[in-house]
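Enquirer: One structure, as structure tokens, below. Some questions next.
The values are calculated or read from the model by the stated rules, or taken from the named source; none is laboratory data. Just so we're clear, the structure is a prediction, and the values are computed from it rather than from any experiment. We place every Cβ from the backbone using ideal geometry, glycine too, and count neighbours over all the protein chains shown. The accessibility values were calculated without ligands, DNA or RNA, using every heavy atom of the protein model including side chains. Shrake-Rupley method; radii C 1.70, N 1.55, O 1.52, S 1.80 Å.
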Amino acid sequence: MKVDDKLHDHPKVQRLLERYDETDALAAMGLWVLSGSWSGDHMSDGVMTPYILKRWHSEWKRLAAMLVEVGLWEVVDVDDRSVHQFHDWTHYNDSKAKIMADRIARQLRKELFADPDLIKAIRARDGDRCRYCGCLVRWGNQRGPSGATYDHVIPVGRPGCTNTLKNVVTACRGCNARKKDMTPDEAGMRLLRPGTLGAPAPEGLNPSDSPSGSGLVGSGAGSGPSPDSIPDPIPPKKTRKAATTQPRTRSKA
């Protein structure tokens, strides 16, 4: 559980201390902290059952009512029974679904990088081009929007998400940040053909600053070759103009 370092000055905590005896108020806060620790450990999304609460205090019902009264907890119905739940738990803590999805994602990434043949095949097919905007990705770029990443077309946590040549593509960091955990259709993006050339990625920007990813998402089809692949034009030769002579006039004194 994440506890903000301003908890001691939070209006709800101040309200608790003002309305109740300090011994009861601190006991209620102790119950709140223990419950939060338990919920984080068991991934209950802030839901606390009577069976758990009575383990820590014989008067848990009274203390829980105090927490509900000041807005730190609320009473909800789960499986046709009333239980207590932290107010806005998922605003400050990851939900169980996100925690499990992150674990699966880490495992998939670990398995992906442990398969050099698959990585070689992905890079050979995509030609170091982002499959969403067509920009030339840069494998040594660890922060910029053109930095190279791998993206699962069917997102992690969805049925059918696997480490296969069909489902893993090269993506610039900007497009990957835009797509997040969505499918291309859900993100308003499209998967380009391998090797499609697109707009160059602007450097020096945070991926979140560019709503369209690193470049012009989906601009590769019909947009012509990327400026990265166009040689610099040869400047025209300069011609020296013939000097014109003007008759000198002698100024009069």
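Enquirer: Considering only residues that are touching a helix residue (DSSP H, G or I) at 6+ places or on another chain (Cβ under 9 Å) and over 15 Å from Tyr92 (Cβ atoms), which ones fall in the range 22-33? Before you say what the answer is, go through the steps one by one.
Expert: First pass over the range 22-33, keeping only residues touching a helix residue (DSSP H, G or I) at 6+ places or on another chain (Cβ under 9 Å): 24-32.
Of everything in the range 22-33, those that are touching a helix residue (DSSP H, G or I) at 6+ places or on another chain (Cβ under 9 Å) and over 15 Å from Tyr92 (Cβ atoms) turn out to be Asp24, Ala25, Leu26, Ala27, Ala28, Met29, Gly30, Leu31.
Enquirer: Being out of contact with any strand residue (DSSP E or B) (no Cβ under 6 Å at 6 or more places or on another chain) and within 19 Å of Val75 (Cα to Cα) is the filter here, so list the residues in the range 38-51 that pass it.
Expert: Matches in the range 38-51: Trp38, Ser39, Gly40, Met43, Ser44, Asp45, Pro50, Tyr51.
Enquirer: Please find, within the range 94-143, the residue that is surrounded by the most Cβ atoms within 10 Å (Cβ to Cβ) out of those that are aromatic (Phe, Trp, Tyr) and under 22 Å from Arg178 (Cβ atoms).
Expert: Filtering the range 94-143 for residues that are aromatic (Phe, Trp, Tyr) and under 22 Å from Arg178 (Cβ atoms), the one surrounded by the most Cβ atoms within 10 Å (Cβ to Cβ) comes out as Tyr132.
Enquirer: I'd like to know if the range 145-156 contains one or more residues that are open to solvent by 40 Å² or more (accessible area, probe 1.4 Å), in a helix (DSSP H, G or I) and either within 24 Å of Arg103 (Cβ to Cβ) or touching a residue at least 60 places away in the same chain (Cβ under 8 Å) (or both).
Expert: Within the range 145-156, none of the residues are open to solvent by 40 Å² or more (accessible area, probe 1.4 Å), in a helix (DSSP H, G or I) and either within 24 Å of Arg103 (Cβ to Cβ) or touching a residue at least 60 places away in the same chain (Cβ under 8 Å) (or both).
Enquirer: Let me ask something else about it. Restricting the range 1-33 to residues that are within 23 Å of Lys98 (Cβ to Cβ) and crowded, with 16+ Cβ neighbours inside 10 Å, which is modelled with the highest pLDDT?
Expert: Residue satisfying both the conditions and the ranking: Trp32.
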